[in-house]
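Okay, so here's the structure we're looking at.
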């Protein structure tokens, strides 16, 4: 199993806070890798809010290839956060040349484009860079998006965070997703390391999706360039979330109805029965088979936790107005939000989705038996 921790806070936090929470859960992950997703950035990156930020790992040769392509497209560097590394990495962590976090000005030729078109082109650029780096392994690109940074590496999460000295660089965020990966199914590949990201959406999962192949085939048949990669059976969770909002225009609660639809008998009495029957039939190949606990974040800054119908992976939500945590184990919440009212901690069950909106006032629990929040 993996271990997950996410936090949504009015005050930007260091990613080390999330890694410390993972460290309290170290018996649940083997220290084989760590992934971080940061959104709504603080520190020096707050000054470039709205500018696309590229994050990844590069060799010196890969950086030259990057610079040549970005200049050709018309991207100019606006801000670069340098991460100085000790000469020797921790045991098990490869020696890297450059961990890149770089903000750009949009090309002047893009000034008249809509936000939707700009975002589409950012995705295309990220995928182009990823493909360029695959042959020689000189570019590993995790994200290219406004107000988002992603860091992934092999090794023990807390040890990697200290090696990168994440506290020193002023790197902070209001939304952080962190996963400590236990490598049980595949060879280690940083593209297989959670969290996964696509056009402002991010998810991470503790579990195993044994329905991976039909889900993958359905997504690939949609003809959307971003549904690719699939180095992990869990990567499809972010694609399903993206597909639900961008192509089906459904509210977040519908996510549970797609990945774990209600039995036919339960649908009969549901206030949205007609829609949900149609959804169950048309998206039947997106039904997942777990066990899985999924934590995700939407472009508006909302964070959620959902379980599949088997409910065999742990997950807890707790906090107070202004800061909320989502954790595989209660000890993760205790590490980051020790002064919360612990009697109000919530453990989502198989019909539940727990959501904290961008205002961070409260946890909203959506049950699959409830009416959808907006008419579709």
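Read the figures in this text as sums done on the coordinates, not as results from a lab. Everything quoted here is computed from the prediction, not taken from an experiment. Note that we place each Cβ from the backbone using ideal geometry, even for glycine, and neighbour counts take in every protein chain shown.
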Query - FRET efficiency, 1/(1 + (r/R0)^6) with R0 30 Å, evaluated for residue 189 and residue 364 via beta carbons - result: 0.25
Query raised in the report: According to a simple spin-label model (label point 7 Å from Cα along Cα-to-Cβ), what is the distance in nm between residue 73 and residue 117?
Result: 1.6
Query raised in the report: How many percent of Cα pairs in segment 53-180 exceed 24 Å?
Result: 31
Report summary line: By the Cα gyration tensor axes a ≥ b ≥ c (a/c under 1.5 gives rounded; else a/b larger than b/c gives prolate, otherwise oblate), the shape of segment 124-164 is oblate
Report summary line: If the chain between residue 27 and residue 300 were fully extended at 0.36 nm per residue, the gain over the current Cα-Cα distance would be 94.9 nm
Query raised in the report: Picking from 241, 262, 19, which is most flexible by a Gaussian network model of the chain using Cα springs under 10 Å?
Result: 262
**Report entry** Label-point separation, residue 124 to residue 47 (7 Å along Cα→Cβ), nm
**Finding:** 3.3
**Report entry** Distance-filtered residues of segment 79-112 - backbone nitrogen under 14 Å, label point 7 angstrom along residue 231 Cα→Cβ
**Finding:** 94
Query raised in the report: How would you classify segment 1-82 from its alpha-carbon gyration tensor, with a ≥ b ≥ c the square roots of the eigenvalues: rounded for a/c under 1.5, else prolate if a/b is greater than b/c, otherwise oblate?
Result: oblate
Report summary line: Expressed to two decimals, segment 126-273 has a Cα Rg over Rh, using the Kirkwood radius, of 1.00
Report summary line: Comparing 127, 333, 275 in a Gaussian network model of the chain (Cα, 10 Å), the one with the largest mean-square fluctuation is 275
Requested in this report: Provide, as a two-decimal number, the C-alpha radius of gyration of segment 215-288 over 2.2 N^0.38 Å, N being how many residues it has.
Outcome: 1.12
Report summary line: For 108-116, 89-97, ranked highest to lowest by mean beta-carbon neighbours within 10 Å, the order is 89-97, 108-116
Query raised in the report: Pairing the Cα long axis of helix 273-282 with the longest principal axis of the chain, what angle in degrees results, from 0 to 90 and rounded to the nearest 10?
Result: 50
Report task. Please give the helix 15-24 orientation as an angle from the longest Cα principal axis of the chain, in degrees from 0 to 90, rounded to the nearest 10. Result -> 60
Query raised in the report: Which value results when the Cα radius of gyration for the chain is divided by 2.2 N^0.38 Å?
Result: 0.95
Query raised in the report: Which semi-axes, in whole Å and largest first, does the equivalent ellipsoid of segment 77-147 have when worked out from the alpha carbon gyration tensor as the square roots of 5 times its eigenvalues?
Result: 29, 15, 9
Query - Most fluctuating residue given options 87, 306, 173, as computed from a GNM of the chain linking Cα atoms under 10 Å - result: 87
Report summary line: Reduced to Cα centres, the span from segment 196-235 to segment 254-281 in Å works out to 22
